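The values are calculated or read from the model by the stated rules, or taken from the named source; none is laboratory data. What you see is a predicted model, and the numbers here were worked out from it, not measured in a lab. Cβ placement follows ideal geometry from the backbone for every residue including glycine, while neighbour counts extend to all protein chains displayed. These accessible areas exclude ligands, DNA and RNA; they are computed on the full protein's heavy atoms, side chains included. Shrake-Rupley method; radii C 1.70, N 1.55, O 1.52, S 1.80 Å.
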Amino acid sequence: MEFQCPYCGVGCGLYIDEKGKVKGNPEHPANRGDICKKPLYLPKIYEKGRILKPYIKTENGLRDSSWEEVYEILARKLSSLSPDEMYFYISGQLMTEESYIINKFVKGFLKTNNMDSNSRLCMASAVTAYKLAFGSDGVPCCYEDIDDADAFIFIGSNASISHPVLFKRVLNRRRKEEKALIITIDPYETETARKSDIYIQIRAGTDTALLNSVLYILYEKGWIDYEFVFKYTEGFEEAIEEAKKFPPDVASEICDIEVSDIYLLANIFRKSKKLISFWCQGLNQSVNAVMKNLALINLHLATGRLNGKGCPFSLTGQPNAMGGREVGYLSNGLPGYRDVRNEEDRKFMENFWRVRGIKEKPGPTITEAIDLILEGKIKLLWVVCTNPAVSLPNLNKVHKALDKVFLVVQDAYWNDTTEFADIILPASTLGEKEGTMTGSDRTLTFCGKFKEAPGVAKPDWLIFKEMADQMGFRGFNYESVEDIFNEFKETTKGRLCDISSLDYKSLPARWGRRWLYEDLKFPTESGKAKFHPVTLQIPKENGRFIMITGRLKNQWHTMTKTGKAQELLKGEVPPFIIMNPEDAKELNIQEGDKVTIVSDRGKTERIVRYGNVKRGHIFAPFGYPMEFGNPVNVLVSDRVDPLSKEPDLKYTGIDIIK
Ligand code: SF4
């Protein structure tokens, strides 16, 4: 049976054979049979730590419940609250059909936009920047573009461990094309950096200075593709005005890199045949995130690097963040790349769902919702398939909110968030249900069912269908998940993400053309792509070091699944940080010492490992659940990018105490 990998956004097609072994699907365009280590252990962890039945919290702890009882309590509860008093927090790990039905239930029938997804911690900045630059957040190119490119920039991305199959494809390309170059820009010399030809060790948070400076050089040297700029873009002059504030000597000081590195990057933009720049959370999880994204896109526009000449390629962190974007599961979205702020879009969905009164104003984002819970304005929080008790920033504050709110947790596995729950709903997981997911390059994959769910767990789509029935909502009479897919695809007809001609049998298939903007006409008002003037903002933080966070090699997110396979934990526990040996020496810290890391918001303990992280920085893997002590996100601030509202998870001032 075929399915899509439930981990990173590469979206590898996998299958499970008769002996229960997981293998790469050679027919799938995303991975062509390749696979990394993580999904190999799926069969081992399926049954471990599962939630088998509904539970209700009482004064004496959890008691068993039934679907009938929890549906009844929840219907009563939702009916008693105003739309502003409830909130739904869902996940890029849900199937597209599941995100669609939850969105319909919440925005169409409960008439609230109080809904967000964990993509807020991941893709929100890339989504905002793509929309500002191109008018839509579809990724402009696809994986095939790797196979004839000759320059690859990884900035704020450790793709070698976070998107390993994609990175292997890049390495294969370099093997075939001796002139191909891989460049990594990161404060920590990650595995990706070690496998690159050029590594630029930048100071955390300063990317816009570097990228503006590259634009400055391109302009000063006359290396701009003016034909492209005048024909297909607007806003060039304003972007250049801002870039002029960052001549190479100024940027080199801010970023603490060599002037020659900035020239080298400008030359790569000027000379390479085809250049793809990949980025991920290193750019997205920042208070300056949208600007960082736009600064990189500006360079592609300035040198005409789209389609056959290259692409700014944002890597998605989750397996179905793209599908979630297609159904509009963030607080402002509606299906088919629509937006609640657009009257035509609201009208279309109201007619389609046969409802009235979809709200115009986007709902609060998840970090805003945490504040509203603490202020007593949101009274019910329903979390589906994600673990905010470990993954959100400023966790001490989050835990207070989870304690205070009436919390519903719908999940396949016990995790740190279920500890706070008032009602727990057992969900089935991949392989126990059908549905579709979309990977980073817009390829949809059908995920088949190959086993029964344990206990009385149900697919997430069915839980929301039955809740809608319980509340007397019309329009949820689906007999299968495929009915939901067929309904959703109608909403995409004539839209950029048109999948109306696809069905389950035609998958895997990619929506849009190979190059989304092949004719260089963009879905903006003017039809042109837009440059944006890009500013630099570095937050003020106390502490001797800046802590940046990132992934472990074989773990995924908060380890709810991967943490259950001993083979995947090898070398990754006990929790550690990476310190520069020179910094460690100054504090008399040896490799293997246990240290306390302290910020203005909290503290935790970690073992020290040495590595080539920039002086004055430490690298801390995120995602260790509470059983390993305080997660590093207790230290992290909950300030957000002003445009994308994505939290600044990659810039935390800390001190280290031996
Ligand atoms: Fe899964 Fe990503 Fe590994 Fe592919 S690269 S098998 S999608 S974790």
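Accessible area per residue for the chain is 36 Å², calculated with a 1.4 Å probe on protein heavy atoms, without ligands, DNA or RNA. One decimal place: the segment Lys585-Arg175 gains 143.7 nm when fully extended, by the rule 0.36 nm per residue minus the C-alpha distance. Ranked from largest to smallest solvent-accessible area, with a 1.4 Å probe on the protein heavy atoms, Ser136, Ser526, Ser501 come out as Ser501, Ser526, Ser136. The modelled label-to-label distance between Ile198 and Ser260, using points 7 Å beyond Cα along the C-beta direction, is 1.2 nm.
The length gained by stretching the chain between Gln537 and Glu68 to full extension, at 0.36 nm per residue less their Cα-Cα distance, is 163.7 nm. Ligands, DNA and RNA aside, Lys21 has an accessible area near 130 Å² when probed at 1.4 Å.
Each Cα pair under 8 Å and six or more residues apart adds its sequence gap; the mean of these over the residue count of the range 535-644 is a relative contact order of 32 percent. Applying 1/(1 + (r/R0)^6) with r as the Cβ-Cβ distance of Glu452 and Asp519 and R0 = 51 angstrom yields a FRET efficiency of 0.60.
Computed from label points 7 Å out along Cα-Cβ, the spacing between Ser80 and Arg544 is 5.4 nm. Within the set Lys104/Lys397; Lys104/Lys347; Lys245/Lys530, which residue pairs have Cα atoms separated by over 25 Å? Table pairs above 25 Å Cα-Cα are Lys104/Lys397.
Find, among the trypsin sites (Lys or Arg not before Pro) in the range 341-433, those assigned to loop by DSSP (not H, G, I, E, B) with at most 16 other beta-carbon atoms within 10 angstrom.
Details: sites: Arg341, Arg346, Lys347, Arg354, Arg356, Lys359, Lys377, Lys379, Lys397, Lys400, Lys404, Lys433; in loops: Arg341, Arg354, Arg356, Lys359, Lys377, Lys379, Lys433.
Sites meeting the loop and neighbour criteria: Arg341, Arg354, Arg356, Lys359, Lys377.
For the range 545-657, the fraction of 1.4 Å probe accessible surface lying on carbon and sulfur atoms is 52 percent. The heavy atoms of Glu452 offer some 130 square angstrom of accessible surface to a 1.4 angstrom probe. Computed over the alpha-carbon pairs of the range 316-450, the distance histogram in 5 Å steps reads 2, 9, 14, 16, 17, 20, 15, 7, 1, 0 percent, short to long. Measuring between alpha carbons in the structure, the pairs from Lys77/Lys458; Lys400/Lys570; Lys111/Lys361; Lys77/Lys404 lying more than 23 angstrom apart are Lys400/Lys570. Distance from the C-alpha centroid of the range 533-595 to that of the range 77-129: 31 Å, rounded to the whole angstrom. Taking a ≥ b ≥ c as the square roots of the eigenvalues of the Cα gyration tensor, the range 39-167 is classed as oblate, since a/c reaches at least 1.5 and a/b does not exceed b/c.
For the chain, divide the Cα radius of gyration by the Kirkwood radius and give the resulting Rg/Rh value with two decimals. Provide the component values of the computation, followed by the final result.
Numbers: Rg = 23.8 Å, Rh = 25.1 Å.
Reported Rg/Rh, Kirkwood definition of Rh: 0.95.
Modelled spin labels at Glu479 and Leu569, positioned 7 Å past Cα toward Cβ, are 4.6 nm from each other. When all protein chains stay in place and ligands, DNA and RNA are ignored, the 1.4 Å accessible-area order of Thr58, Thr417, largest first, is Thr58, Thr417. Split the accessible area of the range 241-376 by element, probe 1.4 Å, and carbon with sulfur accounts for 49%. Dipole magnitude for the range 55-160: about 660 debye, using +1 per Lys or Arg Cβ and -1 per Asp or Glu Cβ, origin at the Cα centre.
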